[in-house]
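Enquirer: Got a structure here, written out as structure tokens. Questions coming.
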């Protein structure tokens, strides 16, 4: 079963319960990665001084996130997914 909330949909707060397990999953698998749930989206971040380690943690977090999503029937919009480095 695929689950999703259209952008700006009034019932977007119902997005939170199905997504509640994702934070423990990714944060346990990839120490140092943190996440936050917004109305209809998730943000992930990691603080790291070594760019190679940052890239490795980012890749591990993305893999853990997508594996959890597949296992839980959550569809991820690749077109709305982006990464930023600061």
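The values are calculated or read from the model by the stated rules, or taken from the named source; none is laboratory data. Bear in mind that the values here come from a model prediction, so they are computed numbers and not experimental data. No Cβ is skipped: glycine too gets one built from the backbone with ideal geometry, and neighbour counts run over all protein chains shown.
Enquirer: Restricting attention to region 1-31, which residues are exposed (fewer than 14 other Cβ atoms within 10 Å of the Cβ) and at pLDDT 80 or above?
Expert: 24, 28, 31, listed by residue number.
Enquirer: What is the residue count in region 45-84 for residues that are at pLDDT below 85 and either assigned to a loop (DSSP other than H, G, I, E, B) or farther than 17 Å from residue 26 by Cα (or both)?
Expert: 12
Enquirer: Taking interchain pairs and intrachain pairs at least six residues apart, which have beta carbon atoms under 8 angstrom, with the first residue in region 25-46 and touching a residue at least 24 places away in the same chain (Cβ under 8 Å) and the second in a strand (DSSP E or B)?
Expert: Every condition considered, the pairs that remain are 26/33; 26/35; 26/44; 30/46; 32/46; 33/44; 33/45; 33/46.
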